[in-house]
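Take a look at the structure set out below.
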Amino acid sequence: MLSEFRSAMRWIFSLNRRLLKVVPWFTVCSVAATLVSQLALLLAFVLPLKVILLLGSKGVPRYFPDQFQAFDRQSLILALSGLAMLLFLVHLLFEHLIGKCVAAGSRKLLSRSSKMVLFENQDEMAAKAYQRFSRGLASLVFLLLFIPLLLWLNPYLAWIFIAYVLIVVNGSVLLAAFVPTFQTHLTNAGGRVATLLAGVGFLLCFGYMVAEFLWLQAPSVLVAVACLLLLRQLFRHSVSIFNDSLALVERRRQLSALFFHGQRLIELPRHGFDGVWSVVEPATRDEWLLKALSDVISRSFAIKAVRWLQLGVTDVVAYRVVASDRGKEECFLVKVFESNRSAMAKHEATLLVGQANLPTLELLGVTDIEGRFHCHVFALDSARQALGKKWPVRCQVARCALLACAPNEDLKALFRRSKSCLAQRMERDVLRRMRCLLDNPAHLEELLHFEESFDQIRELISRLPMAFVNPDIRRGLVLLDDHGRVLVCHWARWSLEPVGSGWPTEERAINALDEAYEAAAAVRSDLAEVAVSQLKLAALLFAFERSCKQQDYHGAADLLGRINKAFADSAGE
């Protein structure tokens, strides 16, 4: 960690030299403008406090500067109020000037590096990085200018500030070097840590100022107020230096390629052992697998065999684990989600905990690995991946079982409060786009018919019962047990849509919906008033929406004739 810290500091100094060498005048102007802007804003906020003090007194208070005593109270109030507004305008003017300098400086930096376009939004990233650099440099200049002023106003208070900052910086580096949890927290939430430490430091200095007034030799009230305001700004700018430096270091790979002429954009390793892949090492794998099983089942197991299962899902690792307890062997599926898949893990758990009768493995429990990765443990028993030639048939069986599963009321209410369904997502904007793009007369005619019945179709779809849609019913995620049951082992992207949504729209598959509907209607009472043509309409509309999202407008237009026919059949039944 100390090596990484030194490397980051060297890179910051190299970036400083590069930017000051290539765009010195833009940098000086932006730093000066930032200082003027911040000082103007500070004074614009301080002066109204003095106006309030004047409004609450009969004359000019004696603790005001002697120069103010020459003015009468009303004139002084008007002058200070006008000056506050003027300073705020100065702040806005210089902020505009900063934006101009940053934009011009970042353009010159990019042009001097002589690089082709490396990634999306690189101009915006360069401008933000240059702005952060300028702001951080301005904060550093602010500290160098005003710490001597604080030393002149109150030397002991200034030394307390300096000592506290040095202790916090060195202490944080050493603590991060020897305590991994603090290093992780500092990496993930460094800004919050810095703000918290700055607040503690400000309270410490404030406590010393109170002690000065109670037991020591205190300065005048006006000097104390000035020191308090100055301290607040010094701590704020110290935090700004840390946050801006951290933001630059986090983009070091891209910024080095953008700003340094001889450096290329280095791609991150795609097959490293960061994140969830850090737990797949055989030397440590069995340890966390045993802990996950004991956390979920509260029994002591001995692992007999572990085999990785290829699910084909990005950033999700799954194992088939055979473990024994008192001589009895049991088989489990253990899934571990990358930290950037935590929302998907919670989404899957919400469904599997709250809904019965799904064609899925039994979820035994949910835990975490190393406090970082969500982990789901399933009872696998004899289930195995359906990888043979008949896996498309198994997927069809799983969809039929899902169609026959009625969502419970609590889960429907929860989903409706959180997300929109197909009928709510149907908008006319996409039809306007298609009307501009399509040139096939047959397509345009079907589009016109669809537009005419658009509102009636949306109304019909909104009245249909809800059904589960799982886009991950596919090879590798469909299992088959010894009893011939078809089970789906991944539910991270489930949704509730009008019944029929998500069904394949190929001719053979859409014809198979008749039989699936009859089987589902036998166990779902809410399908008694629903016609199979309405399910086909929902399936076609769902596919139409998917094609439009992919901007496959020809594919979407090919569905319009079938959609119009399904609606006509639905209206006639």
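Look through the stretch 19-38, keep the residues that are open to solvent by 60 Å² or more (accessible area, probe 1.4 Å) and over 34 Å from the mean Cα position of the chain (by Cα), and return whichever of them is modelled with the lowest pLDDT.
It comes out as K21.
Would you say D381 is assigned to a loop (DSSP other than H, G, I, E, B), open to solvent by 70 Å² or more (accessible area, probe 1.4 Å) and closer than 26 Å to L364 by Cβ?
yes
Specify the residue that is modelled with the lowest pLDDT; the eligible residues are those in the stretch 70-123 that are among the β-branched types (V, I, T) and out of contact with any Leu (no Cβ under 8 Å at 6 or more places or on another chain).
V117
Could you grab me the full set of residues in the stretch 527-563 that are out of contact with any helix residue (DSSP H, G or I) (no Cβ under 7 Å at 6 or more places or on another chain), exposed (fewer than 15 other Cβ atoms within 10 Å of the Cβ) and either part of a helix (DSSP H, G or I) or at pLDDT 90 or above (or both)?
Within the stretch 527-563, K549, Q550, Q551, D552, H554 meet the criteria.
Per-residue answers, yes or no, for (1) among the charged types (D, E, K, R); (2) out of contact with any Phe, Trp or Tyr (no Cβ under 9 Å at 6 or more places or on another chain):
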{"position": "A522", "(1), (2)": "no, yes"}
{"position": "L527", "(1), (2)": "no, no"}
{"position": "Q550", "(1), (2)": "no, yes"}
{"position": "D558", "(1), (2)": "yes, yes"}
{"position": "A566", "(1), (2)": "no, yes"}
{"position": "S570", "(1), (2)": "no, yes"}
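Let me confirm something: among R264, R285, which residue is modelled with pLDDT of 85 or more, charged (D, E, K, R) and at negative phi?
The match here is R285.
Of the conditions (1) among the polar types (S, T, N, Q); (2) open to solvent by less than 60 Å² (accessible area, probe 1.4 Å); (3) assigned to a loop (DSSP other than H, G, I, E, B); (4) more than 22 Å from D286 (Cα to Cα), Q396 clears all except one; give me its number.
(3)
Look at L143 and say whether it is open to solvent by 40 Å² or more (accessible area, probe 1.4 Å), under 20 Å from T34 (Cα atoms) and either in a helix (DSSP H, G or I) or modelled with pLDDT of 80 or more (or both).
So L143 does not fit the description; no.
Restricting attention to the stretch 368-395, which residues are within 22 Å of the chain's Cα centre (by Cα) and at negative phi?
If the condition is that a residue be within 22 Å of the chain's Cα centre (by Cα) and at negative phi, then D368, I369, R372, F373, H374, C375 are the ones that fit.
Pick from the stretch 204-252 the residues that are within 30 Å of R10 (Cβ to Cβ) and acidic (D, E): which of them is most open to solvent (accessible area, probe 1.4 Å)?
The residue in question is E250.
Hey, could you check the stretch 283-306 for residues that are over 33 Å from the mean Cα position of the chain (by Cα) and among the charged types (D, E, K, R) and say which is most open to solvent (accessible area, probe 1.4 Å)?
So the residue we want is K304.
Would you please name the residue that is nearest to G371 (Cα to Cα), looking only at residues in the stretch 176-199 that are exposed (fewer than 13 other Cβ atoms within 10 Å of the Cβ) and at pLDDT 80 or above?
If we take residues in the stretch 176-199 being exposed (fewer than 13 other Cβ atoms within 10 Å of the Cβ) and at pLDDT 80 or above, then R192 is nearest to G371 (Cα to Cα).
Among the helices (runs of 4 or more DSSP H) lying completely within the stretch 414-506, list those that include at least 3 residues that are open to solvent by 70 Å² or more (accessible area, probe 1.4 Å).
Result: 429-437, 441-452, 454-462.
The values are calculated or read from the model by the stated rules, or taken from the named source; none is laboratory data. Here the structure is a predicted model, which is why all the values come from computation and not from measurement. Positions of Cβ are generated from backbone atoms using ideal geometry, with glycine treated the same way; all protein chains shown enter the neighbour counts. What goes into the accessible areas is simple: the full protein's heavy atoms, side chains included, and nothing from ligands, DNA or RNA. Shrake-Rupley method; radii C 1.70, N 1.55, O 1.52, S 1.80 Å.
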